[in-house]
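Asker: The structure follows.
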Amino acid sequence: MLSMYQLRIFVAVAEKRKFSLAAEQMHLTQPAVSQQIRSLEKYLGVALFQRNGQKVELSEAGLALLPRARELIELAVIMEEQIQESRGILTGRIVLGTGTDAGKYILPRLATFFRKRYPQVQTAVVVADSDELLARILSREVDFAVVASKPRERAFSVHPFAEDELVLIVPTKHALAKKASFSLSELCQVPLVLQSDTDGTGKVVRAAMADRGFPLDVLNVVLEVDNVEAAEVAVEAGAGAALVSRWALQRFAGRVKTLEMEEPLRQDLYLVSRHRTAQSPAQQRFVEFLGSPQGKQILGLA
């Protein structure tokens, strides 16, 4: 019979690609990990890994086993958590992911208040681009992700999450700081700090401007940065103006001036998870928390 313990070790080696790192994660010695993998391979009658120096790669059989092993482990964890819930104890772990600036500011707050309500549930927030997050959802490394574009694949369950809006920030002593609002046509005439197209907000800005007849080549981009924090620092230093998520403004209060856009640049955000996958009790409670008065208040829906 397959051993759940051996499957956990197998998944650790597959993800770390090194026996030593898998041993560290599993709190075992490297020889113990190697022995368990050999035993699993002997039971299955196939080699699960191809050794390449210090690193290992999954064999064809290993690639076939990995998603099933993750699924079995997840089902076992859900079963354990359901038993604990029947005793009135909610346990487990939830991993939240985002590639948007709004998500970077929303998810930590949600995770914090959710943890206060359910202190025995571990929470984690990871930041990556949307493609990586979707892949990690399918590999069961991430439970929920906040993205700016709906994935089309049927493997995902997609629900409205929140709304984001882009606003313009300028240096506090800049001549533009006297204005209350700004138009897109005026934006083409000022030095602009733009988040890169690998950043969620950077993609949104490019798409929103192009949809309104202002492609990238008509903008006066003086600096590209990787994230909203770097954009704020550049604006504060006098590099120019920047379009940023409204959710990030609280962090910048008093250091830059905020201008409303006359043509609002709004963006819907979506919560993505695996489609038709059994949810753990902790995951179910998190979804319920999003719809609670406190959750709605954090999301700006109350």
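Asker: Quick one: which residue in VAL287, VAL244, VAL225 is at pLDDT 85 or above, in the same structural domain as GLU132 (by TED's automatic domain parsing), within 21 Å of ALA148 (Cβ to Cβ) and not aromatic (Phe, Trp, Tyr)?
Answerer: Of the residues listed, the single one that is at pLDDT 85 or above, in the same structural domain as GLU132 (by TED's automatic domain parsing), within 21 Å of ALA148 (Cβ to Cβ) and not aromatic (Phe, Trp, Tyr) is VAL287.
Asker: Inspect segment 100-112 for any residue being without any contact (Cβ under 8 Å) to a residue 12 or more places away in the chain and within 22 Å of the chain's Cα centre (by Cα) and give the result as yes or no. Quick ask: steps written out before the conclusion?
Answerer: Let us first name the residues in segment 100-112 that are without any contact (Cβ under 8 Å) to a residue 12 or more places away in the chain, namely 112.
Going one step further and asking which of them are within 22 Å of the chain's Cα centre (by Cα), we end up with 112.
The answer is yes, given that some residue of segment 100-112 is without any contact (Cβ under 8 Å) to a residue 12 or more places away in the chain and within 22 Å of the chain's Cα centre (by Cα).
Asker: Return the total of residues in segment 51-65 being under 31 Å from the mean Cα position of the chain (by Cα) and either over 10 Å from ARG17 (Cα atoms) or loosely packed, with under 14 Cβ neighbours inside 10 Å (or both).
Answerer: The total comes to 10.
Asker: Kindly list the number of the only condition in (1) surrounded by fewer than 18 Cβ atoms within 10 Å (Cβ to Cβ); (2) under 19 Å from ASP268 (Cα atoms) that fails for GLN195.
Answerer: Evaluating GLN195 over (1) surrounded by fewer than 18 Cβ atoms within 10 Å (Cβ to Cβ); (2) under 19 Å from ASP268 (Cα atoms) leaves (1) as the failure.
Asker: For ARG70, indicate whether it is of a type in the set (Lys, Arg), part of a helix (DSSP H, G or I) and at pLDDT below 95.
Answerer: yes
Asker: Among the residues of segment 178-190, is there at least one that is on the phi < 0 side of the Ramachandran plot, within 22 Å of the chain's Cα centre (by Cα), modelled with pLDDT under 90 and outside any helix (DSSP H, G or I)?
Answerer: No, segment 178-190 contains no residue that is on the phi < 0 side of the Ramachandran plot, within 22 Å of the chain's Cα centre (by Cα), modelled with pLDDT under 90 and outside any helix (DSSP H, G or I).
Asker: So, one more: Scan segment 191-206 residue by residue and report those that are under 28 Å from the mean Cα position of the chain (by Cα), part of a loop (DSSP other than H, G, I, E, B) and under 19 Å from ARG255 (Cβ atoms).
Answerer: none
The values are calculated or read from the model by the stated rules, or taken from the named source; none is laboratory data. What you see is a predicted model; the values in this text were computed from it and never measured. As a convention, Cβ positions derive from the backbone with ideal geometry for all residues, glycine included, and neighbour counts pool all protein chains shown.
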